[in-house]
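Shown next, in structure tokens, is the structure this report addresses.
Read the figures in this text as sums done on the coordinates, not as results from a lab. Please read these numbers as outputs of a predicted model, since none were measured by experiment. For neighbour counting, all protein chains shown are included, and Cβ atoms are generated from backbone atoms with ideal geometry for every residue, glycine included.
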Amino acid sequence: MSLLTDLTAAVAAGKRIDTVRLTQELLTSGARPQDIVEQGLVPGMAIVGGQFKRNEIFVPEMLVAARAMKEALKLLEPLLASAGIKPKYTVIIGTVQGDLHDIGKNLISMMWRGAGFAVIDLGTNVSPERYVTAAQEHQAHIVGLSALLTTTMPAMKETVRLLKAAGLPHTKIMIGGAPITQAFADDIGADGYAADAGTAVDVARKLVGEAA
Amino acid sequence: MNARENFQAMMSGQRAAWLPLNVPVTPPVADLIAARTGVRSAELAFETDFDFVAAQYPVTPERWRAAFQQLGFDAPATAEIEAFGVTQVAPPSDTLGSAYHLRMLLHPLATVTSVAQLKNLPWPDTAAADHYAAVAPRVQQIHTRGKVAWAGLECTLFELSWYLRGMDNLFQDLADKNGIADWLLDYFTTRSIHAGQAFARAGVDIIALGDDVGMQTGLLLSAPMWRHHLKPRLAAIITAIRAASSGRKIWIHYHSDGNILPIIPELIEIGIDILNPIQPECMSAAELVHLHGRTLGLSGLVGTQTTMPFGTPEQVRQRVREIAALHRDHGARVMIAPTHVLEPDVPWANILALVEETKSIRFS
């Protein structure tokens, strides 16, 4: 269906007006909202993620593409909700306690939304207890922890400890941020680590059992 | 030889007597220094080579607060609004101190829809000489003490623009070509020209420009986008500073976190003399010395994501020795510093190791 192909291309190029127009045209032509998301928007953001990982595009292009998708979702989400269609996976994300930086966290959040996940963004300076409560409340498949500062890495460790202690067998924990490494993730018992927003989608998909 | 002469020798490509040292710290670390030494200033406690000057712009939070309300943004009562409208809120708990990067940044201009709205805001007149009146006497004091006078102009244009507008909005503005991002970038370019020229006339040795355009893994924005939007403005600032310096050498120091390898040749081309902070976690100082050592000085180099908080004192000392070897063995122009302000998690023993090892090394 060429309109879907066009929509994918429009999202990937960050063309907000075209993305909204094509979404509207697809709806008018009778396309199902979930097909527009899964076959139009999500593939567009997958292109963006791949280009970002390969350094073919950078943060501005990613932000602009994510905004284009967000505008389209404004049209689609009420229709999806009224049809009772929910994303297959729910992920929780936040910047750990003591850390107020949100750019990296927001980029991951956008890319996860772009991958079709339901994203619960807890914001910044999130206490370990709040992560646990949110993970339980939303039955999260993944909890994502972000930190920019070395001073807040201990809060990440404590959050992982509490999440593990809470006994959430279906919840995986991912971490990331400038000073974070795979070795640190291994050390504190996180299930996954991603160095950038493009990789974060691949890692999340693997953690929920889907091929990246 | 005093610190200023040593710095000039180092950055002119001659043999220096020692590594110029700078130790930027967060307020909690300043408290620690005070508790240990009786002096809160790292510059005084450790007798570092640099001292600092800055412009004094009028801070008018109530005017900004009223202007923001007109735009539909209600700044929280606890918000601190700075001279250029940058708005921050301290965290609810001060367990990690209150340094600038531990505060929540709000984006009061996120709702702006036109350049006309921007023009109506209470921007300081950055050309007014009053803002810079205290600089020359302060520079004289610093020089009398034989130290290097350093004028800070970091957050030169890009960062202040996105602090106000929000990074996503600023990039969307550039994509939409609506003029809003360009107006902000131009305003801060003009501010930096005014300040930079005032600093140059006041006799400073270093003017420190900077905007973070790097991430751990590479550039934040593409090199073509940087070339289009930031490089020409940065070049205009440097050209204006040079024009105001009456032929006297001023070292232009440029800070960007992260890996910015693809644009370093062009930073040199437009007149950057010293690059900071060269995070060892994502850029190799040795490689930069090999590629650009004859034209570019390096500043920083001791990792605050690794060695300073997590290394042993011996590992800190080893890193200092590696940096010293870059000058001794390869003629590199280097000044040593942590790659970011020291956070409260850095052990006192590591701070002492940095200072003591640096001071113990003398080049013959």
Would you mind telling me which residue in B:ALA175, B:ALA54, B:ALA325 has the biggest mean-square fluctuation in a Gaussian network model of chain B, where springs connect alpha carbons within a distance under 10 angstrom? B:ALA175
Residue by residue, what Karplus-based ³J(HN,Hα) values in Hz, rounded to whole numbers, does the range B:126-143 have, using 6.51, -1.76 and 1.60 with θ = phi - 60° and x for Gly and Pro? 6, 7, 5, 5, 3, 4, 10, 4, 7, 6, 4, x, 5, 4, 4, 4, 5, 5
Candidate aspartates and glutamates - alpha carbon under 18 Å from B:LYS147, same-chain residues fewer than 8 apart omitted: B:GLU5, B:GLU43, B:GLU47, B:ASP49, B:ASP51, B:ASP205
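Can you check what the net charge comes to around B:ILE193, using other residues whose Cβ is under 13 Å from the Cβ of B:ILE193 (Lys, Arg +1; Asp, Glu -1)? Please report the intermediate quantities before stating the final value.
Details: positive: B:ARG191, B:ARG201, B:ARG233, B:ARG242; negative: B:ASP186.
Once all neighbours under 13 Å are counted, the net charge is +3.
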Shape metrics for the range B:314-364, restricted to C-alpha atoms - Rg then Dmax, Å: 11.5, 36
Signed unit charges on C-beta, dipole axis of the range B:121-180, positive-most listed residue B:ASN169, B:VAL135, B:PRO124: B:VAL135
Please grab the % of Cα pairs in the range A:1-141 that end up more than 21 Å from each other. 45
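Mind checking the full-extension length gain between B:SER284 and B:ALA325? Use 0.36 nm per residue of separation minus the Cα-Cα distance, one decimal, nm. Let's see the in-between values first.
Values: separation 41, 0.36 × 41 = 14.76 nm, distance 1.41 nm.
So the extension gain works out to 13.3 nm.
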Taking the Cα centre of chain A as origin, sum charge times position over the Cβ atoms of Lys and Arg (+1) and Asp and Glu (-1), and report the length of that vector in debye to the nearest 20. 180
Using θ = phi - 60° and the Karplus relation 6.51 cos²θ - 1.76 cosθ + 1.60, list the HN-Hα couplings for the range B:178-183 in order, rounded to whole Hz, with x at every Gly or Pro. 8, x, 5, 4, 4, 4
Two-decimal Rg/Rh of the range A:90-207 from alpha-carbon positions, Kirkwood Rh? 0.90
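Please give the charge dipole size of the protein assembly as shown, origin at the Cα centre, charges +1 on K and R Cβ atoms and -1 on D and E Cβ atoms. Round to the nearest 20 debye.
Values: 49 positive and 57 negative charges, 134 e Å.
The calculation lands at about 640 debye.
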I need the P(r) histogram for the range A:2-82: all alpha carbon pairs, bin width 5 Å from 0 out to the longest distance, whole percents. 3, 19, 30, 24, 14, 7, 3, 1
Once amide H atoms are built 1.01 Å from N in the peptide plane, which residues 5 or more positions from B:GLY214, or in another chain, come under 5 Å H to H? B:LEU220, B:ASP257
Rg (Å, one decimal) plus Dmax (Å, integer) for the alpha carbons of chain B? 20.4, 64
Once normalised by the length of chain B, the mean sequence separation of its alpha carbon contacts under 8 Å that are 6 or more apart gives a contact order in percent of 19
Pull up the cross-link candidates among the aspartates and glutamates for A:LYS157, meaning alpha carbon to alpha carbon under 17 Å and not fewer than 8 places away within one chain. A:ASP99, A:GLU129, A:ASP186, A:ASP187, A:ASP191, B:ASP345
Compute a Gaussian network model of chain B, connecting alpha carbons closer than 10 Å, and tell me which residue from B:ARG227, B:ARG242, B:ARG191 fluctuates the most. B:ARG227
Quick one: Karplus J couplings for the range A:58-63, per residue in order, coefficients 6.51, -1.76, 1.60, θ = phi - 60°, nearest Hz, x for Gly and Pro? 10, 4, x, 5, 5, 5
Within the set B:PHE50, B:PHE310, B:PHE158, GNM on chain B using Cα springs under 10 Å gives the largest fluctuation to B:PHE310
For the protein assembly as shown, what D do you get in µm² per second when you plug the Kirkwood radius from alpha-carbon pairs into Stokes-Einstein at 37 °C and 0.692 mPa s? 130
Please give every one of the lysines within straight-line cross-link reach of A:LYS164, meaning a C-alpha to C-alpha distance under 17 Å, and leave out same-chain neighbours fewer than 8 residues apart. A:LYS172
Unit charges at the beta carbon, dipole of chain B: most positive-side option, B:LEU221, B:HIS255, B:THR239: B:THR239
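Quote the charge dipole size of the range B:274-364 about the Cα centre in Debye, to the nearest 20; the model charges only the Cβ of Lys and Arg (+1) and of Asp and Glu (-1). Kindly include the intermediate steps, with their values, before the conclusion.
Working: 8 positive and 9 negative charges, 86 e Å.
The calculated dipole for the range B:274-364 is roughly 420 debye.
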For peptide A:90-99, compute the average count of partner chain beta-carbon atoms within 10 Å of each residue's beta-carbon. 1
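Kindly flag which residue pairs out of A:LYS74/B:LYS231; A:LYS70/B:LYS119; B:LYS119/B:LYS177; A:LYS53/B:LYS231; A:LYS206/B:LYS177; B:LYS177/B:LYS249 have an alpha-carbon separation exceeding 28 Å in this structure. Don't skip to the end; give the middle numbers.
Values: A:LYS74/B:LYS231 37 Å; A:LYS70/B:LYS119 30 Å; B:LYS119/B:LYS177 17 Å; A:LYS53/B:LYS231 25 Å; A:LYS206/B:LYS177 39 Å; B:LYS177/B:LYS249 38 Å.
Beyond 28 Å between Cα atoms: A:LYS74/B:LYS231; A:LYS70/B:LYS119; A:LYS206/B:LYS177; B:LYS177/B:LYS249.
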Where does each of A:138-149, B:1-12, B:179-190, B:74-85 land if you order them by average Cβ count within 10 Å, highest first? A:138-149, B:179-190, B:1-12, B:74-85
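Per residue of A:151-160, how many C-beta atoms from partner chains lie within 10 Å of its own C-beta, taken as a mean?
Details: counts 13, 4, 4, 1, 1, 0, 0, 0, 0, 0.
Average neighbour count from other chains, rounded to a whole number: 2.
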Considering the dipole of the protein assembly as shown built from charges on the beta carbon (Lys and Arg +1, Asp and Glu -1) around the Cα centre, which of A:ALA165, B:GLY85, B:GLN70 is farthest to its positive end? B:GLY85
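Ranked by Cβ crowding within 10 angstrom, fewest neighbours first, how are B:GLU43, B:GLU62 ordered?
Numbers: B:GLU43 20, B:GLU62 9.
By the 10 Å Cβ count, ascending: B:GLU62, B:GLU43.
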Loop-only GluC sites (Glu not before Pro) in the range A:35-139, please: DSSP not H, G, I, E or B, and at most 16 other Cβ atoms within 10 Å. A:GLU56
